[in-house]
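Student: Before I ask anything, here is the structure I am working with.
Values in this text are rule-based calculations from the coordinates and carry no lab data. Quantities reported herein were computed from a predicted structural model and do not represent experimental measurements. All Cβ positions, even for glycine, are placed from backbone atoms using ideal geometry, and neighbour counts span all protein chains on display.
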Amino acid sequence: MINLLSTGKSWYKRFQYDEDVDKPGDVRNIMLIVATLIASVTFQAGVTPPGGVWQEDKNGHRAGQAIFAYQSTAYYVFLVANTTALSASVLVIISLTYRFPFHLEIIIATISMIVTYGSAVFAVTPNELVKFRFVMFAAGVPFIIRGLVQLFNVVFRSNK
C-alpha cells in the first residue's frame, strides 16, 4: 500500500469498469445491487428521519412528527437529496430489469414503495414547515434528466 502511495499510481484504477474485460451481465448485476442498496437506505431514512420523531405532544410539538423537521433548511436539504437518491435508484432498477420476467411486478412494487415513502414523509413532516412541491419535483428530477438525455441522443444521432 505504501508503495502505491509513493509511486503515485492510482490504486483504484484496477477496480474501474473496463469494457474489454467486464461482462455486461456482471455489470448489470453490480448496478442492481448498488441501486437496491441506495433505495433501501434512502427509503429507511425517509421513513425514520434522522433524530427520530417526537414521542408525545409537548411544547408545541406533535407526537410522530420528525424532530429534524424543526430545522427547516437542513430538513429541506435532507428531504430533497434523499428523495432524489431514492428516485434515481428506482429509475436504475426499473431500467436494468426492463424486459426481464416479472418486470410489471417490479414496476408495481417500486411505485408502491415510492407511494409508501411519500406517505411516511408526509406523516412525519409538519405541514407548515415543508413545501412538498419541492420534494415532488426532486422525485421527478432523475426521470426528467434521463428523458432529456434520451431526447438529445435521438436528436443528435438523427443529425449525423
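Student: Give just the number: which of (1) loosely packed, with under 11 Cβ neighbours inside 10 Å; (2) under 26 Å from Gly25 (Cα atoms) does Phe152 not satisfy?
Tutor: (2)
Student: Hey, another quick one. Does Gly64 satisfy being in contact (Cβ under 8 Å) with a residue 60 or more places away in the chain, in contact with a strand residue (DSSP E or B) (Cβ under 8 Å, 6 or more places away or on another chain) and outside any helix (DSSP H, G or I)?
Tutor: On the way: in contact (Cβ under 8 Å) with a residue 60 or more places away in the chain: yes; in contact with a strand residue (DSSP E or B) (Cβ under 8 Å, 6 or more places away or on another chain): yes; outside any helix (DSSP H, G or I): yes.
Criteria met by Gly64.
Student: Ile30 is checked against (1) surrounded by 12 or more Cβ atoms within 10 Å (Cβ to Cβ); (2) in contact with a helix residue (DSSP H, G or I) (Cβ under 9 Å, 6 or more places away or on another chain) and fails just one. What number does that condition carry?
Tutor: Condition (2) is where Ile30 drops out.
Student: Scanning segment 78-114 for residues that are among the aliphatic types (A, V, I, L, M) and more than 14 Å from the chain's Cα centre (by Cα), which turns out surrounded by the fewest Cβ atoms within 10 Å (Cβ to Cβ)? Before the answer, list the steps.
Tutor: Filtering segment 78-114 down to residues among the aliphatic types (A, V, I, L, M) leaves 79-81, 85-86, 88, 90-94, 96, 104, 106-109, 111, 113-114.
Subset that is more than 14 Å from the chain's Cα centre (by Cα): 96, 104, 106-109.
Numbers: Leu96: 15, Leu104: 8, Ile106: 17, Ile107: 15, Ile108: 11, Ala109: 13.
Among them, the one singled out is Leu104.
Student: While we're looking at this one, here's another question. Residues to consider are Ala120, Ala139; find the one that is touching a residue at least 40 places away in the same chain (Cβ under 8 Å), within 15 Å of the chain's Cα centre (by Cα), part of a helix (DSSP H, G or I) and within 19 Å of Ala39 (Cβ to Cβ).
Tutor: Details: Ala120 fails: within 15 Å of the chain's Cα centre (by Cα).
Being touching a residue at least 40 places away in the same chain (Cβ under 8 Å), within 15 Å of the chain's Cα centre (by Cα), part of a helix (DSSP H, G or I) and within 19 Å of Ala39 (Cβ to Cβ) holds for just one of Ala120, Ala139, which is Ala139.
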